[in-house]
Amino acid sequence: MEAQPGRTNRRRFLLIAGLPLLAVGGLTAYAAWPQPDRLQVRTDLEPLNRRFRPYLGELTDAHWLGHDIDETGGDRTIPSPDSRVRLVGVARLAAGGAAAIVRNADYGAFTPAAPSAAPAELEPHLPAAAAWQHSPGFDAYAHRTQSEAVTSGEYLFDTVRDLVRFDVLYLYT
């Protein structure tokens with residue numbers, strides 16, 4: 001039995017036209033697929049002042065990130081009843097605020113400190129030549145002041161620029 005010329009041409013046409021349509025459909029589906037959210041640098045002050053005001057005073061000019069470190073693109077890898085929220089950033093204190101904290105003998109000695117690595121999104125907002133100072137005594141005081149969660153992390157101060165750099169982890173159980 002001999003193949004009919006019209007059928008072969010139709011198959012070839014469907015194959016030639018169908019492959020690009022499948023490719024476009026696949027690319028559209030890939031583009032529409034949810035991607036993990038990139039962290040957005042925040043500048044709003046109310047959440048920071050609500051948490052930090054009791055021991056840092058009023059903050060201004062802040063750049064910070066806040067995120068649940070157990071979230072990965074909207075899905076938790078292991079279900080957990082706890083939430084671990086990391087706040088990391090830099091903010092300006094009231095004039096003389098950093099010096100007043102560093103001079104306070106209740107917090108123990110402040111010593112020069114190198115900050116931990118910051119998320120890439122924050123790097124453009126961090127001063128390059130800051131003279132950071134740290135006191136474990138101040139960290140302990142700040143963590144005791146928190147009541148809604150168990151906290152850990154550090155606070156660094158630059159007395160020349162009246163800045164605080166914070167990297168704090170809140171455990172909500």
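The values are calculated or read from the model by the stated rules, or taken from the named source; none is laboratory data. No experiment lies behind these values; they were computed from the predicted model shown. Glycine gets a Cβ as well: all are built from the backbone with ideal geometry, and neighbour counts include every protein chain shown. When the accessible area is computed, the model is the full protein with side chains, heavy atoms only, and any ligands, DNA or RNA have been set aside. Shrake-Rupley method; radii C 1.70, N 1.55, O 1.52, S 1.80 Å.
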Exercise for the section: Name the single residue, out of those in segment 91-117 being of a type in the set (A, V, I, L, M) and in contact with a Leu (Cβ under 6 Å, 6 or more places away or on another chain), that is least open to solvent (accessible area, probe 1.4 Å). Expected result: A91
Practice task
Search segment 110-137 for residues that are assigned to a loop (DSSP other than H, G, I, E, B) and pair each with any residue that is basic (K, R) and surrounded by 16 or more Cβ atoms within 10 Å (Cβ to Cβ) when their beta-carbon atoms are under 6 Å apart and the residues are at least 6 apart or on different chains.
Solution key: P115/R165
Practice task
Among residues belonging to segment 141-167 that are within 14 Å of L56 (Cβ to Cβ) and of a type in the set (S, T, N, Q), point out the one that is modelled with the lowest pLDDT.
Solution key: Q146
Exercise for the section: Take segment 138-163 and flag every residue that is outside any loop (DSSP other than H, G, I, E, B) and among the polar types (S, T, N, Q). Expected result: T145, T151, S152
